[in-house]
1. Within segment 2-17, restricting attention to residues that are within 15 Å of residue 115 (Cα to Cα) and buried (at least 16 other Cβ atoms within 10 Å of the Cβ), which residue is modelled with the highest pLDDT?
2. Right, residue 103: in contact with a strand residue (DSSP E or B) (Cβ under 8 Å, 6 or more places away or on another chain) and modelled with pLDDT of 85 or more or not?
3. Is there a residue in segment 118-131 that is exposed (fewer than 12 other Cβ atoms within 10 Å of the Cβ), out of contact with any helix residue (DSSP H, G or I) (no Cβ under 6 Å at 6 or more places or on another chain), modelled with pLDDT of 90 or more and in a strand (DSSP E or B)?
4. Just give me the residues in segment 18-39 being crowded, with 17+ Cβ neighbours inside 10 Å and at pLDDT 85 or above, in sequence order.
5. Within segment 47-56, track down each residue that is surrounded by fewer than 15 Cβ atoms within 10 Å (Cβ to Cβ) and over 16 Å from residue 105 (Cβ atoms).
6. Of everything in segment 61-92, what is assigned to a strand (DSSP E or B), surrounded by fewer than 17 Cβ atoms within 10 Å (Cβ to Cβ) and touching a strand residue (DSSP E or B) at 6+ places or on another chain (Cβ under 6 Å)? Give them in sequence order.
């Protein structure tokens, strides 16, 4: 792995560009692959072992043939038991949703060509939880 491009969003996501021409790590071969709508880009995402105590980590390997060959490794660390959701928006943009805990999420959109996040929004759902109503005894 080459760390020529390495960026992190908060303490949660580390993006590393793999060396040009290098194959994706063999660990990604056994993972389910999700193709982009035009079948130009693909990602493979590991699943953490939720039977162990958290926090957990997830690896996402990306490969694509856009204006040039793209190979990225995303390391998502310290997320909660909702895991990491990843979906293609188009052949170039990947949507990620991380759940650091039960009442907050972190939405990201990654431009895989540049390796940069173009959208980064944190959401807290704590205000949607209402305390139990008092009971008359």
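The values are calculated or read from the model by the stated rules, or taken from the named source; none is laboratory data. The structure displayed is predicted, hence computed values, not measured ones. When we count neighbours, we look across all protein chains shown, and the Cβ atoms used for this are built from the backbone with ideal geometry, even at glycine.
1. So, considering only residues that are within 15 Å of residue 115 (Cα to Cα) and buried (at least 16 other Cβ atoms within 10 Å of the Cβ), the one modelled with the highest pLDDT is 15.
2. no
3. yes
4. 36
5. Taking segment 47-56 first, the residues surrounded by fewer than 15 Cβ atoms within 10 Å (Cβ to Cβ) are 47, 49-55.
Across segment 47-56, the qualifying residues are 47, 49, 50, 51, 52, 53.
6. Selection gives 75, 77, 85, 87.
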